[in-house]
Each structure stands twice: as C-alpha cells, then as structure tokens.
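Step one of this worksheet: look at the structure below.
Values quoted throughout were computed directly from the atomic coordinates according to the rules given, and no laboratory measurement underlies them. It should be emphasised that the depicted structure is a prediction, and the values quoted were computed from it without experimental measurement. Please note: Cβ atoms are built from the backbone with ideal geometry, for glycine as well, and neighbour counts cover all protein chains shown.
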There are 2 protein chains.
Amino acid sequence: MMTQVNRQIVLASRPVGEPKSTDFKMVESVAREPETGEVLCRSIYLSLDPYMRGRMSAAKSYAKPVEIGGVMEGGVVGEVLSSNFSDIKTGDFVVGAGGWQEYFTLPGTSLRKIDSERAPISTALGVLGMPGMTAYVGLSNIGKPQPGETVAVAAASGAVGSVVGQIAKIKGARAVGIAGSSEKCRFVVDELGFDDCINHRDPDFKEQLQKACSDGIDVYFENVGGPVFKAVLPLLNQFARVPVCGVIAHYNDTALPEGPDATPLILRSALVKRLTIRGFLVFDYVDQEAEALEQLTQWVSDGRLKYREDFVSGLEAAPEAFIGLLKGKNFGKLLVEVSPYDKA
Amino acid sequence: MMTQVNRQIVLASRPVGEPKSTDFKMVESVAREPETGEVLCRSIYLSLDPYMRGRMSAAKSYAKPVEIGGVMEGGVVGEVLSSNFSDIKTGDFVVGAGGWQEYFTLPGTSLRKIDSERAPISTALGVLGMPGMTAYVGLSNIGKPQPGETVAVAAASGAVGSVVGQIAKIKGARAVGIAGSSEKCRFVVDELGFDDCINHRDPDFKEQLQKACSDGIDVYFENVGGPVFKAVLPLLNQFARVPVCGVIAHYNDTALPEGPDATPLILRSALVKRLTIRGFLVFDYVDQEAEALEQLTQWVSDGRLKYREDFVSGLEAAPEAFIGLLKGKNFGKLLVEVSPYDKA
C-alpha cells in the first residue's frame, strides 16, 4: 500500500465547561501498516457519544483521559484494507476503538467483525453497538422491568434511551420517555412505540411527568441527571431500580450547582423506598455481550426494535457535532460519515 | 387479674426539628385482658431506636405515623402475665411491638419467644433483635464484605454499627468505625475489635478517615448521612456497596441543608465507580430472620460478637433518653428498664 495521509482530530486543550471547537485540532499523519496480529482499516462511521466529554477532562474517571495532542477516542466502523490477523481479511467490515481519524491500525483481537447482510453496518455503533448493549445490560442486570411496571428514561430519542424504552415494552412494561423537543417526543411515541413522552423543556414538565407516570416509576434509567432526576425522585415507587449509565446534564459543569443540597433527600428516599441506585458501564458485562448482541439483532430483524440515526458528513464536522450532542441538538444516534460506505 | 393501671407515653404533638419533652405525654389507662389468640405482658425493657423519629412525623414513609394521642411505638421485651395463645404461656419472655407503656396486649402471632437461658433477654432488642438483624441482613444481602476489603460504618458503638463492624471482621474484612467521642472510639477498637475508629467531631475527621482507609472503602454501611457520607463518598472504591438503613443526622432536619447541591457528585460517583446505593429495612428480609438470629446468637455465645447496652430507668425517662439518642448521647444500645426483670 502507498503512503496514505491520515487526517486525525486531536485534543488541543482540555475544555473548561462547554467544549469549544478550538479544543480540537485537525492534524495529518500517515496511516500505519499493520504489524503481526494487526489490522489496518479505513474509517467509514465514527460514533459520537457523551462519554467522550469525560475523556477530554483530566478528572479521575473509569478510563484514562486522552492526552493533549492525542487522537480523540471513539468507536469506528471501518473497512479492512490490510490484515495481519488470521480471522480478519481485506474487505471485511469491523467495529473497534478507531478514534477520530480516517485510518486506524489496531490489534485484530480488539475488533469485532460485522455481518453487513444482517443489518446496516452503522448500527454496530448504535442499536447493535455500545449504546444498544448499554440499554440491554442495564435493564437485564439492574432495571429488571416486570410486566405492568413503569420504566422512565430520558434522552428517549437517543441511542441508549430509545432502546431502553423499546426493551421495556417488549418485556411488558409501560415506557415513558423524556426528550428535549415536541418533535422528538412525537417520534418516541409514534415511531418507537413508547406509551408517552414528555418534553423536559416544557414549563410544566414535572406535572406532565407525574400525570404520565400515574402509577409511579419502577425503573428510572438514568442517563442525564440534572432536573430530570429531581423530577423523577418523588415519583419512584418502593423497590424502584435506578441504573445509572450517564449524567450528560453535568458533563460540562465546572462546579456543583447551587443549593439546597439534596443529598439527605436522596439518602432518605433510598431508605424509605428501598431504592437501588447503581452505576454501571457496558464493559462490566463483557461476558453478556454475545447474548445481548444476538437478542438485539433478532429484535431489529423482527422489526420490534427501531432506531434512528443522525449523520453528519466528514471528519471535520465531528467537533461541532459533538458540541451539539452535549446540548441535545442531535436527533437519534449521532454518527460522522468519515468516508463513503461504497468507496473501494 | 385485677384491674391494672397502665402508664403509657403518647405522642402529644408532632415535633418541628428536634423533639421536645412536651411532644410526649404520660397518660394512664388500664391494661387490657387478652382475647382469643392474644397475650398480655408486663413490659420489662423498651427499646429506643432512631426510626421512632420518623413515626412522630406526618411525612410519608414506609410505615404509618403514630397518631396524635397514640401510644409511641417501640419494641419491648415483656413477661407474659396471661395468655390466650396456645404457643405462649404465663411466665414466658417475649419480644414484640409493645410500645411505650407498662403493659401491652398483642396477638400471640406477633410475638417472638425469648430463650432466657441462651442470652440476656435485653439482647432481644439489640444484638439479637432488630438492630443486630439489620446489620446482618444489610451485610449479607447488600454489603457482602469480602476478605481483605474495608468496611466503614458510623455510629460504630451503637446497636447497628457495632454489629456491622464485628461481622465484617468475622468475614475477614477490615472494619473502620466512626463514632462521636474518643471514649466511644476507644471502646470500638479495644472492646469490639475494629481495626480503627475515627471521631467525627475531630476537626481533621476527613483526613483521619482517609488515613484509616488507605485502601479505600468497599462497603459503607450508611446509618447516619450528613457530613460522614460526604467524607466517605470520595473514598469509596470501584464497585463499592452502600446499604442505607438510616440517616439519623437528618431526622430532625426541617429543610434541606444549604448548597452546593451534591446530587451530580453522587450520580457521577455512582457511575464512575459503579457504586450500588441501596436502601433496605430489616422487614424486607423477614424470611432470613431465623437464620440471622441463629447465627448472631451463636456468635454471641462464642464471644465473637460483643455488645454494650445503655440503660435508663423507668418509663418516664424514655422521652429525654430518646431526645438524647438523636444527638448521640447514648453509648451502646439504648434501653429503658420499664420494670425490674426479676419482679414476679
């Protein structure tokens, strides 16, 4: 293979509060030929996900931050250009931690092959990828929705929330979504089949949510935090479960919000209602990945699990799209089309 | 039986903030003869426990509040004076929800017989009663301490905390207590065998706690809330468990404390560290009661589980003792000696 210019987006500076486009920088390097056990891929779709805000920060978290000058991390669906790994061959489609760049070279063991016949390859970053599996393992292991129970989830038109509500329905529970526009709410009810969806920007959001959850809330799948959590807390039923997979409302916070301090309310609610509040990452359930993927794929094939993707075009569009994601500007799973799918 | 005057302490008014002695009132009624299936008892020991503050309040909780003018609820060890229940006979010692009064009449099915040969009957309200079982089921079902892990517990010289730390030691974990005086801390380490105990009234409490938990905290048995919770939160390890059985620091609160609001910190910590924060009541595990009691009794017999009781004398002493309990004035399981044990 000839020397191939590889455009990359690196972290230029650690954001304070909301990331700015100048916190990112486009650089050029050269695609690296694969060594033994490695695979070289062309990036087709780059996934943009809220967790990336954490990687831009030096604060201690479950994963190491991206270094200043380092390529932004991210899941990528790519086409294999060259392989020194026995189970993957040129022309295969794979998903892995490719990062924000046009080409990536990774150990074959870190990549998952995608069956492009079974579902569009982009879904390996959404409904059939990390977000879909996050919904699946969070509900299977912590939320455990029972028939007739009420499951509430925010960012309900998003990559995780949309799957949460649909699985809840499949399990016989009632699904109430929360989203950031009336258009998104309509989609959540009309297309995804949730029982109800409330716009958290409405001034009477709390009252609407209470009405939509007239039997209380048995599972609150927490992916936003902020005022939504506050509105949900008094509606939680005895023995409710709160899987926590994200708090996007706080990722840009530079300090704790003003008081009063609701800590005693949270602890007292946990006690009086015997709540289970439990954080998790999809990686904690790596042994359930195959089962989750098979089940999700089956549901997608059967038309029981729908999804919506929101594409932006070109690697250079990634920073602005990511900044928008943290403000809820996307509508569906946000993906960057780095290079055309059908290109050779 | 002759007509027997029964002194009772009733709820005179709902306290605002700290209960006052005028929130209680001593009244006299007449001991009621047992009907079919019922048992009449003379109260020997009345248990005073933090949960009673909740019963004095009209706020919604897991149990109904005591009515104004109603007898204060409470666990009591009594001697049976007269029984119309087949499994219980005159002279037996029993424990049940007798309330703050000198005599009580209850269905036999709601009483548990005490074997006075195996342990002092007062222990049926402490280490071998509700507090001891709270520690046991909270650790068995939620805390699950593993050998080498660190278990932290506040009110460590109290009825629940003292058992939590000693079970942690039995399970091979490290036990770090938190208590409200240096005298209590010495007792917790020297008598109960905790590895360390920190006085939360010391100005450098946070630093001391951090030093005592140099490997972090894997189980924090939450029974106080307040500043202790705040000090513990940053020390919690990944996958730490936080069984919540009480928040005594907040029972007298009339409003939420001033900010900042730590809610985002709690949720973010739950996520990043994959914490499990879970409220529970001993009554949720009623099916484990027999097993818990047998195990605790065995440990007491073997000298592996020690306890300390703090007696006050006479029913009239109960209100002041209870008010002091909420401020940590007691030292060990607080009991009211309502009538002498050896009286016929």
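Odds and ends about this structure:
- Dipole magnitude for the stretch A:130-284: computed about the Cα centre from +1 point charges on Lys and Arg Cβ and -1 point charges on Asp and Glu Cβ, it is near 420 debye.
- Distance cut-off 49 Å, percentage of C-alpha pairs in the protein assembly as shown lying past it: 26 percent
- Nearest-20 debye value, the protein assembly as shown charge dipole, Cβ charges on Lys, Arg, Asp, Glu: 600 debye
- One equal scatterer on each Cα of the stretch B:198-344, no solvent, Debye formula: the resulting log10 I(q)/I(0) at q = 0.18 Å⁻¹ is -1.36.
- At R0 = 56 Å, FRET efficiency that the Cβ-Cβ distance of residue A:211 and residue A:341 yields, to 0.05: 0.80
- Relative contact order of chain B: 18 percent, from C-alpha pairs under 8 Å at least 6 residues apart in sequence.
- Whole-angstrom gap from the stretch A:181-211 to the stretch B:68-146, using each part's C-alpha centre: 50 Å
- Estimated purely from DSSP H runs of n ≥ 4, each contributing -39500 (n - 2.57), the mean residue ellipticity at 222 nm for chain A is -6500 deg cm²/dmol once divided by its residues.
- When you count the other C-beta atoms within 10 angstrom of each residue and take the mean per peptide, A:312-320, A:84-92 line up highest first as A:312-320, A:84-92.
- Translational diffusion of the stretch A:230-279 was estimated from the Stokes-Einstein equation, with Rh taken as the Kirkwood radius over Cα pairs; at 10 °C and 1.306 mPa s the coefficient is 130 µm²/s.
- Label 7 Å beyond Cα on the Cβ vector: residue A:314 copy-to-copy distances, nm: 8.9
- About its Cα centre, chain A has a charge dipole of approximately 800 debye under the convention of +1 per Lys or Arg Cβ and -1 per Asp or Glu Cβ, with nothing else charged.
- Distance from the B-onto-A rotation axis is smallest for the Cβ of the chain B residue given, in whole Å, as B:259, 1.
- Ranked B:116, B:140, B:214, criterion: other C-beta atoms within 10 Å, fewest first: B:214, B:116, B:140
- Put in order of Cβ neighbour count within 10 Å, fewest first, the listed residues B:211, B:306 become B:211, B:306.
- Cα-Cα separations in the stretch A:130-284 greater than 20 Å, expressed as whole percent: 44 percent
- Across peptide B:242-251, the mean count of Cβ atoms from other chains lying within 10 Å of each residue's own Cβ comes to 4.
- Amide hydrogen neighbours beyond the local backbone of residue A:39, cut-off 5 Å, H modeled: A:84, A:106, A:108
- Computed FRET value (nearest 0.05) for residue A:62 with residue A:327, which takes r as the C-beta separation and R₀ as 30 Å: 0.80
- With respect to chain B, whose longest principal axis is taken over its alpha-carbon atoms, helix B:263-272 is tilted by about 70°.
- In this structure, the pairs whose alpha-carbon distance is over 22 Å, taken from A:144/B:60; A:171/A:329; A:206/A:273; A:230/A:327; B:306/B:333; A:230/B:20, are A:144/B:60; A:171/A:329; A:230/B:20.
- Counting other Cβ atoms within 10 Å as a rough exposure proxy, the listed residues A:151, B:95, B:80 run B:80, B:95, A:151 from fewest neighbours to most.
- Selection from B:224, B:30, B:255 lying farthest towards where the dipole of chain B points positive, charges on Cβ: B:255
- Candidates B:19, B:50, B:120: whichever shows maximal mean-square fluctuation once chain B is modelled as a Gaussian network with Cα springs under 10 Å: B:120
- Normalised Debye scattering of the stretch B:293-344 at q = 0.16, 0.26, 0.29 Å⁻¹ gives log10 I(q)/I(0) of -0.64, -0.91, -0.98, counting only Cα atoms as equal scatterers and leaving out solvent.
- In plain terms, if you count all Cα to Cα distances in the stretch A:1-78 and split them into 10 Å steps from zero, the share in each step is 16, 44, 30, 9, 0 percent.
- Straight-distance candidates among the aspartates and glutamates for linking to residue A:184, with alpha-carbon spacing under 15 Å and chain neighbours fewer than 8 residues away dropped: A:195, A:196, A:202, A:309, A:310.
- Counting from the shortest, the label point at residue A:286, 7 Å from Cα toward Cβ, is 4.4 nm from the same position in each remaining copy.
- In order along the stretch B:233-238, the phi-based Karplus estimate (6.51 cos²θ - 1.76 cosθ + 1.60, θ = phi - 60°) of 3J(HN,Hα) comes to 3, x, 8, 5, 7, 4 Hz; Gly and Pro are listed as x.
- Neighbouring partner chain Cβ atoms per residue of A:255-261, average, 10 Å criterion: 6
- The fraction of all Cα pairs in chain B landing in successive 20 Å bins from 0 to the largest distance is 30, 57, 13, 0, given as whole percents.
- Cut-off 11 Å between beta-carbons: net charge of the residues surrounding residue A:187, Lys and Arg +1, Asp and Glu -1: +1
- When the GluC sites (Glu not before Pro) in the stretch B:77-135 are filtered for DSSP coil states and for at most 10 other beta-carbon atoms within 10 Å of their beta-carbon, the remaining sites are B:117.
- Amide H contacts of residue B:217: B:236, B:237, each under 5 Å away and 5 or more positions distant or on a separate chain (H built 1.01 Å from N in the peptide plane; Pro and chain starts excluded).
- Our coupling estimate for the stretch B:15-27, obtained by passing each phi through the Karplus curve with A = 6.51, B = -1.76, C = 1.60 and θ = phi - 60°, is x, 10, x, 5, x, 10, 4, 6, 6, 10, 9, 8, 10 Hz, Gly and Pro reported as x.
- Residue mean of other protein chain beta carbons inside 10 Å, B:56-62: 2
- The stretch A:100-146 - Rg over Rh from alpha carbon coordinates, Kirkwood radius: 1.10
- Fraction in percent of alpha-carbon pairs per bin - 5 Å, the stretch B:1-159: 2, 9, 15, 17, 17, 16, 12, 7, 4, 2, 1, 0
- Here the stretch A:65-152 is treated as an ellipsoid with the same Cα gyration tensor; its semi-axes, largest first and in whole Å, are 30, 18, 11.
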